[in-house]
1. For residue 180 and residue 267, what is the calculated FRET efficiency with R₀ set at 25 Å and r taken between the beta-carbons, to the nearest 0.05?
2. Set the Förster distance to 41 Å, then compute FRET efficiency between residue 325 and residue 100 from the Cβ-Cβ distance, nearest 0.05.
3. Would you kindly give the portion of the calculated P(r) for region 364-460 that falls above 21 Å, as a percent of all Cα pairs?
4. What percentage of all Cα-Cα pairs in the chain are separated by more than 35 Å?
5. Which of the listed residues, 390, 501, 456, is farthest toward the dipole's positive end in region 384-509, when Lys, Arg count +1 and Asp, Glu count -1 at the beta-carbon?
6. Fewest Cβ neighbours within 10 Å first, please rank 234, 242 accordingly.
7. Using alpha carbon centroids, what distance separates region 187-204 and region 273-339, in Å?
8. Rounded to the nearest whole Å³, what is the per residue volume of the convex hull around the Cα atoms of region 207-294?
Amino acid sequence: MVRNTNKHIFGLFSVLLLLVISIVMEDRDCYNLGFAMAVDDFNRGSFPHGFVFGTASSAYQYEGAVKEDGRGPCVWDKFTHSFVIRGGTHDLVLDFSNADVAVDHYHRYIEDIGLMKDMGMDSYRFSISWTRIFPNGTGQINQAGVDFYNNLINALLAKGIEPYVTIFHWDTPQALEDRYNGWLSPQIINDFGVYAETLFEKFGDRVKHWITLNEPHNFAINGYDVGIAAPGRCSILLHLFCRAGNSATEPYIVAHNLILSHATAAQIYRQKYKAKQGGSIGAAFDVIWYEPDTNTTKNVEATQRAMDFQLGWFLDPIMFGDYPSSMKERVGNRLPKFSQADSNLVKGSLDFVGINHYTTYYAKDSKINLIGMVLKDAQSDSGSSTSPIGHDLKPIGDKANSIWLYIVPGGMRRLMNYIKTRYGNPTVVITENGMDDPNIPLMSRSLILKDNKRIQYHHDYLQNLAAAINEDGCNVKGYFAWSLLDNWEWAAGYSSRFGLHYVDRNDNLKRYPKNSALWFKSFLTSSTY
């Protein structure tokens, strides 16, 4: 959930501006618009029968309890507690917070499942903490961790909510990082395979939808190119906050190992578990949709390269067996190569494509890129400059709280058609979609709960998704809103609120439904097929 720089880094000026705007808007009648939408002709029935609706989360952002019941440390634990040790990394979290408690989902999952059920949600996408199962990344299994996820899965099923389980959502075991630099070593492929197989063995009798990786592109870029996410490696900004790294090579090495790890887990599942358990396996990719800034040939080509260096970087090997040609041409020998055996392993190694989509940007040919010319890094290699501000200096859409998130609902439909055309109309699940408001201490709870902008966002993005399915024939089977709760948002900490429910951090983490939760409840329960 990070786009280009990082999904959750904000400007303080925009936060203050939003506070002023929010106070001005508090007494206005515009919030009624969201509930008017709830009774129009657009509802669950606008989607095919069996289409899945749910909310999404991740272990590190939700669970808390980081030192309970045998859980081992992950790279984010170190990253968010290392201000003194590393001399500057910790201040990359805007509010200097950590996820030691998060929203305490570890202790409150029963309550949270009740919130999902009340809204009429069909499914819950959550990730499993690698270090709750293997505190040291490998070796002895932690039974307390297995027990927790068994209890969570059973509680979901008891309420008629289908689990969608993400195997890896950025929380690499710190022990593997210390032992062999984690994802920089091919050794992690085998360790990931063992971890994934353990999950299949322990939970696959009830879990029928597996997501091997969450946003491998953002993980590689933010952790190993610009260094603003764990484990915080880079060379571009080495003297500011990265102690080690090589932005020109490490993102590609990490991405290669991620792809091979996904394929290894998929092979294990298909060979040993799929026939008996009857489930499916996929991966979730972060995708900004890109539009040419102007319709010149150079900008159109640059727009395709932007897609190649984002979605194509990971999905092309899985669909076609190799990286996009533009990447091979521009990255050269810094881009790892697939052997024939690796290509055969990777190609076709998913049953569905997960898409995390939030926003749309302009793209244009980058004539002068000083960073790319001098230092080389994975972001500049594409030769495409991307921005939400066009050549006319106008934004591409209305802005949410995050500096990277602009609201462009039509991008959802165009992205679905791009995937349909380029990749042969595979089964797609929207594994994340949503927008954030600022967390401003002076804002009243009543104002926080009146989140009409979020209602409008989901309504409009869902309308475009329905059109892609019903009018364009795109093979989309589900939609997961990010997120059920206002949770810990990586570099934004608790300063960003993506939730359908407000979590009051000043009052024992009490949950309160926002108007968007009430809108979803009406949307999901008022329809007939």
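1. On the way: r = 22 Å, r/R0 = 0.89.
Efficiency computed from Cβ-Cβ geometry: 0.65.
2. On the way: r = 45 Å, r/R0 = 1.11.
Calculated value: 0.35.
3. Numbers: 2676 of 4656 pairs.
Here the long-distance tail beyond 21 Å is 57 percent of all Cα pairs in region 364-460.
4. On the way: 41023 of 139656 pairs.
For the chain, the fraction of Cα-Cα distances above 35 Å is 29 percent.
5. Final value for the positive-end residue is 390.
6. Ranking 234, 242 by Cβ neighbours within 10 Å, fewest first, gives 242, 234.
7. 25
8. Values: hull volume 11.4 nm³, N = 88.
Hull volume over Cα atoms, normalised by residue count, gives 129 Å³.
All of the numbers you see were taken from the coordinates with simple rules; none came from a lab. Bear in mind that the values here come from a model prediction, so they are computed numbers and not experimental data. Every residue, glycine among them, receives a Cβ derived from its backbone with ideal geometry; neighbour counts consider all protein chains shown.
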